[in-house]
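In what follows, a structure is listed as structure tokens, so that the remarks can point back to it.
The values are calculated or read from the model by the stated rules, or taken from the named source; none is laboratory data. The model shown is predicted, which means the values in this text are computed figures rather than measured ones. FYI the Cβ positions are ideal-geometry reconstructions off the backbone, even for glycines, and counts take in every protein chain you see. These accessible areas exclude ligands, DNA and RNA; they are computed on the full protein's heavy atoms, side chains included. Shrake-Rupley method; radii C 1.70, N 1.55, O 1.52, S 1.80 Å.
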Amino acid sequence: MLFFSNRKRMIKKAIANTVTAFAGRTPKIYEHFFYGAFDIAPQNLVIWYLFKTDEELEIAKESGFCDELKELTIKNLLSLGYPEEAFDTVKKDAADFNDDRIKLENVPEEDVQRIFDALSDRKVMVSFTTKEDIDRKTDGDYHFYFQ
């Protein structure tokens, strides 16, 4: 018998509820999956929704469908008891950061905070790609594509 954590069950149910809610929408969600060390820390969760073609993904982005998928996924996770702090980004001011080991030389001032934010505390990620892109870039090798 395999061990499935309560958190893993919660994630599977939230994604299933999201996919079901959008079953009638086009473009169709081709595939979905998740991974991460979410049992260690809940923010270590990545959820992927795949569309079949690049064109479908563009349509989904332009129509707001991707935003709706992300919002409902997070709402469903929270409604099932997923820890709220996993979605919070701890905003820190780059100007207050004082670490001599890291130097950002020749970086435009307007990019410093953006870079700092990207390297700061993580949160749950809901991302999108296409089967077409996976096939084109890695000859269909999911493991290689997502590493």
Checklist entry - List the pairs whose first member sits in the stretch 10-33 and is at positive phi, whose second member is surrounded by 16 or more Cβ atoms within 10 Å (Cβ to Cβ) and among the small types (Gly, Ala, Ser), and whose Cβ atoms are under 8 Å apart, counting only residues at least 6 apart or on separate chains? => result none
Checklist entry - So, in the stretch 64-116, of the ones that are charged (D, E, K, R) and open to solvent by less than 50 Å² (accessible area, probe 1.4 Å), which residue ends up modelled with the lowest pLDDT? => result 99
Checklist entry - Any idea which residue in the stretch 23-36 is farthest from residue 136 (Cα to Cα), counting only those that are among the hydrophobic types (A, V, I, L, M, F, W, C) and surrounded by fewer than 17 Cβ atoms within 10 Å (Cβ to Cβ)? => result 23
Checklist outcome for this item: Apart from one, (1) of a type in the set (Asp, Glu); (2) over 27 Å from residue 60 (Cα atoms); (3) surrounded by 14 or more Cβ atoms within 10 Å (Cβ to Cβ) all hold for residue 39; the odd one out is (3)
Next on the checklist: Could you go through the stretch 124-139 and let me know if any residue there is at pLDDT 95 or above, assigned to a loop (DSSP other than H, G, I, E, B) and either surrounded by 12 or more Cβ atoms within 10 Å (Cβ to Cβ) or acidic (Asp, Glu) (or both).
Outcome noted: yes
Item to check | Qualifying positions in the stretch 1-44 - modelled with pLDDT under 95, closer than 16 Å to residue 123 by Cβ and of a type in the set (A, V, I, L, M) | outcome: 37, 40, 41
Checklist entry - So which residues in the stretch 49-77 are farther than 17 Å from residue 13 by Cβ and assigned to a strand (DSSP E or B), if there are any at all? => result 50, 51
Item to check | Qualifying residue in the stretch 48-55 (condition: surrounded by 14 or more Cβ atoms within 10 Å (Cβ to Cβ), out of contact with any helix residue (DSSP H, G or I) (no Cβ under 6 Å at 6 or more places or on another chain), more than 19 Å from residue 81 (Cβ to Cβ) and β-branched (Val, Ile, Thr)) | outcome: no
